Amino acid sequence: MNLGNRLQCIADQIDNEARVADIGTDHAYIPVYLVKTGISRFVIASDVNKGPLEKAKKHIAQNGLGDSINTRLGGGLSVLDDAEVDEVIIAGMGGVLISQIIEDDFEKASGVNKLVLQPMQASHELRKYLFENGFEIQKECLAKEDEKMYEIIIASYAGDSDKIEDTIDGVYFEIGKKLLEVDDKDLLVEFLDKKIKKYEGIISNLEGNKTIKAALRLEFCSNRLKKIKEIRENVA
């Protein structure tokens, strides 16, 4: 079963025998994969919209997995009972929305063994939220599909544990420290080069703009570009 690089990378983070919830499941591709491959025996596939959930139900039925995959209509973690699953996937949404889903049901989010998060944008906002609310980022990975780069963040609640740093340089909200540990250094370099190109473009557009706002933005982007280049140089 071919999931594609993005979904495969997400599915690969799930532990064997884990009870899983896939929030915003769409077609239930990951739940079907997890059960068919024997990784999970029980998966909850949920979506806030009826249309995607009906597609999920159809896909589940076509694979004869109705007894192992439970579909639920609803938003975020509200569809889950306490301690019903071990691991939660929240993928294909913006980083701010993922943060809000966690915040809205913080007790459930902090009670699971693992959160597998894949923001489509604003990953820096998600990392910042996790850092400020007692979650430890255990691992990060990259997936490339159709020339787009995706970041997958694996986190769990640590509370006031010593594992949580007191402070962190803002650049590591944009480029996770754990992201720098990925095995595929070529992919990491490509990811960092895209960041460098982005900031070089912003700086080029700001030069010549004499407003105070532009000057502040230029200073920020110049400093961020310098730090990302330093990180890039240190990639093994």
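Specify the angular offset, from 0 to 90 degrees and rounded to the nearest 10, of the alpha carbon long axis of helix 50-62 from the longest principal axis of the alpha carbons in the chain. For helix 50-62, the angle is close to 60 degrees. Helix 185-206 and the long axis of the chain differ in direction by around 50°, with both axes built from C-alpha atoms.
In the chain, the longest principal axis of the Cα atoms and the axis of helix 212-233 are about 70 degrees apart. For the chain, the 222 nm mean residue ellipticity estimated from helices alone, with every DSSP H stretch of n ≥ 4 adding -39500 (n - 2.57) and the total spread over all residues, rounds to -13000 deg cm²/dmol. Taking each residue as 0.36 nm, the span from L216 to K197 lengthens on full extension beyond its C-alpha to C-alpha distance by 4.9 nm. Around the Cα centre of the range 186-233, unit charges on the Cβ atoms of Lys, Arg, Asp and Glu (plus for the first two, minus for the last two) sum to a dipole of about 260 debye.
Exposed loop trypsin sites (Lys or Arg not before Pro) only (DSSP loop, at most 15 other Cβ atoms within 10 Å): please give the longest stretch of the chain free of them, not including the sites. Numbers along the way, then the final one.
Numbers: sites that count: R41, K163, K210.
Within the chain, the longest run free of exposed trypsin sites (Lys or Arg not before Pro) spans 42-162.
Checking the cross-link pairs K128/K197; K144/K227; K55/K177; K57/K197 against a 32 Å limit on the alpha carbon distance flags K55/K177; K57/K197 as lying beyond it. Computed about the Cα centre, the dipole magnitude for the range 1-73 is approximately 220 debye when only Lys and Arg (+1) and Asp and Glu (-1) carry charge, each at its Cβ. Stretched out straight at 0.36 nm per residue, the stretch from D67 to K144 would grow longer than its current Cα-Cα span by 24.4 nm.
Averaging 1/r over each pair of different alpha-carbon atoms in the range 186-233 and inverting the result gives 11.2 Å, the Kirkwood hydrodynamic radius. The simple spin-label model puts a point 7 Å past each Cα toward its Cβ; for E132 and A83 those points are separated by 3.2 nm. Look at the alpha carbon pairs under 8 Å that are at least 6 residues apart: their mean separation over the length of the chain gives a relative contact order of 14 percent.
No value in this document is a laboratory result; all are computed from the given coordinates. These figures come from a predicted structure and were not determined experimentally. Note that we place each Cβ from the backbone using ideal geometry, even for glycine, and neighbour counts take in every protein chain shown.
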